[in-house]
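To keep things clear, I will list the structure first and then write my remarks on it.
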Ligand code: FES
Ligand code: FES
């Protein structure tokens, strides 16, 4: 049955149904290409006559650019074009200007690795030779890379004279954002507490660490038409930015997304694409650019580092009376809102009478941060969940019971403003408590950690189009790069709604000219929003097909319903006709009015928040300070898991990124303000031998805002591991850990300090 | 009239209030009325905000209806990964 | 600078190419031979995305000079399937949904194949240590390890 739905009332989308395709685990449509090496990623495309371009980067953490002389480079044989910031168009919005200035420094360099000029030449080798011939005169300035140091009055100012909105008195000129959230009277709340714990925490900046470096190929003819091929989380974003930066109409630039080798938020902005386009314009030749791994670390966005103070009051029996957090984040040289998201999410798991969070963003001489999976939440929730754990320890209470007692649920006024609808936190906690992992015995030097996690999930602008082919198959076009199997889940939802088998549907990701606009693949939005638009595009096609059947039968279109992939007459007066299948209707479509298609465009809302709980057992070697993950279990509310394999994959992948953040990963800056570990050898992400299997338990508490109940699942999984691992290590080592990463020397120092 | 809850740091734009009342039947009217009543909110609204109505977050939607008893929360514009 | 002439065999086919003395095997495979299955994740031997076999030995092709392939046999991910028929490892990677973005997949497949040639019955720990040089940022390795173990079992006829 086609379920009734009301436009514009997102809360009413969901209705219960029995699924045929959704919830199964078919092989993904792009799978064979990816296991045979045929899939084309960002760096895999070439074009006839193609040039290669490389970038000259600042060796200084902070300096004024006095002059740039490119004449030497231009004179080198094989060099076809050179660009600097002079070759780009000034932007109207400060956000776009910041992004452009990050792609190519204007006036000042703000971090080690900041792009200064780019050369297109006949080979990478010649381009690199040419870079050495560019003369840049710098006036080196004092720098700051630490978040707390950046807030001191003595800190060097990055953007002299720039005014930021809504900054209270008493903050220095590097504070680019300030936010407050909360409700209730925290003083009164703390007064009611039997015990108060107040602690400060630090987390290091980490990189998304996608294995595929940024890569692009751009062309632009003298007719002013351009083409870009790029690995990106959003090709419409690339189109809009690149067109604006070189000063052309968006309609004249077509962007085609390659297969994308990981993004995790880091490919939601541009670095190379506008530069390659400007070089293509100047040279009249296709230009390819590929970052080295060192460039990925030095010049593409890591996440923020943080310094946070948390204070929580609790009664003897475990009720939280008040919570407060002060969060200071640095995200490099340009303003960002990650600290704000930290402040909004810090206490989201709790039902509190009194809560207050304050957040500052501080500008420092580091690369412009980029989103990283649930941006801002992991560090904030790490600090809060560490203090909750310590309170449980001090009061000798079960950490899951305490969380259950204080858990946010339907009707809870959230710490960031709105009241929650149906949410899955209690169910997730109960599942964790009932799981054999929670009751398993621990060995010597082992500790068990628990943490909750939360992410909002976003929806946003989405367009989907589908054609019903004459042979009874269906072609779907979506506009969001497939970063973890979304073509499979979109095909599944199309098949489900149309009532046909999964293998009759093929979904592709179209270029920017194929369908209407789409927001970037971010905020865990794709399965929710693109799924929603796919279901509605299918409903539009179904309506059309019911009309065709009605015509053939000579009855009213309203008297036709769609059941199991076929039109059927409905009601007493409709008459007796055998069902007319999608394939039958499609076969005669030319004779009944022409091609059949369905499409849907929407700025979707109602994504539905997602909670998770992680359980981890760790063993800490008291001699070396080395931590081993012995057992790990993830519990997460997926609303409805369309393809459970890929939901589990998101949960497992997020957990392991969080484990890396907790134990190893860290941007290390020297006194000179230079990044000291710009490679996978020294910036160590988790490898297979570091880990056990990651058990994933999916809960399904339907999201009222989606016809099938889907919630985004991509981001929440990275949130709990920081505190879960830290709590486990704190128990195993017998000392509270308050700084990430918990590298062996840091753990040893803490153990020694506690003796 | 609808009651609109603001996030804490907007207090400086409303003379200390985090709950204000305006006359509006949908989100667009509400944002316009807020900017008129509290001119300092104008640039913040222009810079991008989200609105939560009865617990559901809407980004950039002008025509979402607001009932007089709806819970309305002005929220900053958010971006994910 | 004069180029070096190299005669080698890639996935069983005789191949000749000219390369710079400083060019890596990875660069030649991708840019001169047109086999882009091996990926460059780091260029420094730290990620394994460029894994190929050279005379049956697993190597990071970003660390091998193209000239070193003279007279040797190179196998890449493109040589894994037999026509339309996927290798058991490829099949198991698909069945276990052991890839998300898939950029690490070619390297993992080549490395896993090299493992199973040496050790048809590896323990989970052995698989984990063997694949420790192949970074995957998406999956947390869980499904990859399961896929390799399952492929090993099937190849043993278990
Ligand atoms: S590219 Fe060769 S190991 Fe990373
Ligand atoms: S699947 Fe993306 S890196 Fe392994």
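Residue count for region A:68-93 under the criterion of being within 31 Å of the chain's Cα centre (by Cα) and either part of a loop (DSSP other than H, G, I, E, B) or loosely packed, with under 15 Cβ neighbours inside 10 Å (or both): the result is 7.
Out of the residues in region A:199-218 that are under 17 Å from the mean Cα position of the chain (by Cα) and within 16 Å of ligand 1 (Cβ to nearest atom), which is farthest from the other protein chains (Cβ to nearest Cβ)?
That would be A:214.
I'd like to know if region C:140-154 contains one or more residues that are at pLDDT 95 or above, closer than 22 Å to residue C:12 by Cβ and either within 16 Å of ligand 2 (Cβ to nearest atom) or not assigned by TED's automatic domain parsing to the domain that holds residue C:22 (or both). It would help to see each step written out before you state the result.
Quick first cut of region C:140-154, residues at pLDDT 95 or above only: C:140-154.
Now restrict to residues that are closer than 22 Å to residue C:12 by Cβ: C:151.
Adding the requirement that they be either within 16 Å of ligand 2 (Cβ to nearest atom) or not assigned by TED's automatic domain parsing to the domain that holds residue C:22 (or both) leaves C:151.
Yes, region C:140-154 contains at least one residue that is at pLDDT 95 or above, closer than 22 Å to residue C:12 by Cβ and either within 16 Å of ligand 2 (Cβ to nearest atom) or not assigned by TED's automatic domain parsing to the domain that holds residue C:22 (or both).
When region B:46-66 is filtered for residues that are more than 7 Å from chain A (Cβ to nearest Cβ) and free of Cβ contacts under 8 Å to residues at least 24 places away in the same chain, the ones remaining, listed by number, are B:46, B:54. Restricting attention to region A:227-268, the residues being part of a loop (DSSP other than H, G, I, E, B) and either within 16 Å of ligand 1 (Cβ to nearest atom) or buried (at least 24 other Cβ atoms within 10 Å of the Cβ) (or both) number 13. When you scan region A:522-625 for strands (runs of 3 or more DSSP E) that lie fully inside it, which ones turn up with 1 or more residues that are within 30 Å of residue A:269 (Cα to Cα), in contact (Cβ under 8 Å) with a residue 12 or more places away in the chain and out of contact with any helix residue (DSSP H, G or I) (no Cβ under 8 Å at 6 or more places or on another chain)? Because the criterion is at least 1 residues that are within 30 Å of residue A:269 (Cα to Cα), in contact (Cβ under 8 Å) with a residue 12 or more places away in the chain and out of contact with any helix residue (DSSP H, G or I) (no Cβ under 8 Å at 6 or more places or on another chain), the strands (runs of 3 or more DSSP E) in region A:522-625 that meet it are A:596-604.
Condition check for residue A:155 on (1) in contact with a strand residue (DSSP E or B) (Cβ under 9 Å, 6 or more places away or on another chain); (2) in contact (Cβ under 8 Å) with a residue 60 or more places away in the chain; (3) outside the structural domain of residue A:270 (by TED's automatic domain parsing): one failure, at (2).
What tally of residues in region C:91-108 results from selecting those that are within 16 Å of ligand 2 (Cβ to nearest atom) and either touching a residue at least 40 places away in the same chain (Cβ under 8 Å) or closer than 17 Å to residue C:12 by Cβ (or both)? Talk me through it step by step, then tell me what you get.
Let us first name the residues in region C:91-108 that are within 16 Å of ligand 2 (Cβ to nearest atom), namely C:92-108.
Next, from what is left, pick out any that are either touching a residue at least 40 places away in the same chain (Cβ under 8 Å) or closer than 17 Å to residue C:12 by Cβ (or both): C:92-93, C:95-99, C:103-104, C:106-108.
Qualifying residue count, region C:91-108: 12.
Of the conditions (1) buried (at least 22 other Cβ atoms within 10 Å of the Cβ); (2) in a loop (DSSP other than H, G, I, E, B); (3) out of contact with any helix residue (DSSP H, G or I) (no Cβ under 8 Å at 6 or more places or on another chain), residue A:144 fails just one. Which one is it? Exception for residue A:144: condition (3).
For region C:17-41, a residue qualifies if it is in contact (Cβ under 8 Å) with a residue 24 or more places away in the chain, more than 11 Å from the chain's Cα centre (by Cα) and within 16 Å of ligand 2 (Cβ to nearest atom), and exactly one does: C:41. Would you call residue A:426 touching a helix residue (DSSP H, G or I) at 6+ places or on another chain (Cβ under 7 Å), without any contact (Cβ under 8 Å) to a residue 24 or more places away in the chain and within 30 Å of residue B:5 (Cβ to Cβ)? Criteria met by residue A:426.
When region C:122-139 is limited to residues that are over 17 Å from the mean Cα position of the chain (by Cα) and either within 8 Å of ligand 2 (Cβ to nearest atom) or at the interface with chain A (Cβ under 7 Å from one of its Cβ atoms) (or both), the one that is surrounded by the most Cβ atoms within 10 Å (Cβ to Cβ) turns out to be C:138. The residues of region A:671-705 that are at pLDDT below 95 and under 21 Å from the mean Cα position of the chain (by Cα), listed by number, are A:703, A:705.
The single condition among (1) assigned to a strand (DSSP E or B); (2) within 16 Å of ligand 1 (Cβ to nearest atom) that residue C:18 does not meet is (2). When region A:630-656 is filtered for residues that are assigned to a loop (DSSP other than H, G, I, E, B) and either in contact with a strand residue (DSSP E or B) (Cβ under 9 Å, 6 or more places away or on another chain) or within 18 Å of residue A:483 (Cα to Cα) (or both), the ones remaining, listed by number, are A:638, A:639, A:641, A:642, A:643.
When we screen A:384, A:362, A:402, A:388 for residues that are more than 14 Å from chain B (Cβ to nearest Cβ) and closer than 30 Å to residue A:61 by Cβ, the only hit is A:362.
What pairs come out if I take residues in region C:61-87 that are over 22 Å from residue C:133 (Cα atoms) and more than 11 Å from chain A (Cβ to nearest Cβ) and pair them with residues that are within 15 Å of ligand 1 (Cβ to nearest atom) and not in a helix (DSSP H, G or I) whose C-beta lies under 6 Å away, six or more apart or interchain? As it stands, the answer is C:72/C:54, since those pairs meet every condition given.
Between C:52, C:74, C:64, the distinction of being closer than 28 Å to residue A:40 by Cβ, away from ligand 2 (no atom under 14 Å from the Cβ), in the same structural domain as residue C:8 (by TED's automatic domain parsing) and surrounded by fewer than 24 Cβ atoms within 10 Å (Cβ to Cβ) belongs to C:64 only.
In the condition set (1) crowded, with 23+ Cβ neighbours inside 10 Å; (2) more than 10 Å from chain C (Cβ to nearest Cβ); (3) within 27 Å of residue A:409 (Cβ to Cβ), residue A:697 is compliant with all but (1). With respect to the conditions (1) buried (at least 24 other Cβ atoms within 10 Å of the Cβ); (2) over 23 Å from residue C:54 (Cβ atoms), residue C:107 lacks only one, and its number is (2).
For residue A:611, indicate whether it is more than 14 Å from chain C (Cβ to nearest Cβ) and closer than 30 Å to residue B:78 by Cα. Against the criterion (more than 14 Å from chain C (Cβ to nearest Cβ) and closer than 30 Å to residue B:78 by Cα), residue A:611 qualifies.
Residues that are more than 9 Å from ligand 1 (Cβ to nearest atom), in contact with a helix residue (DSSP H, G or I) (Cβ under 7 Å, 6 or more places away or on another chain) and facing chain A (nearest Cβ under 9 Å) within region C:28-47 comprise C:35, C:36, C:37, listed in sequence order.
The values are calculated or read from the model by the stated rules, or taken from the named source; none is laboratory data. From a predicted model like this one, the values you see are computed outputs, not experimental measurements. Here the Cβ is made from the backbone with ideal geometry for all residues, glycine too, and neighbour counts use every protein chain on show.
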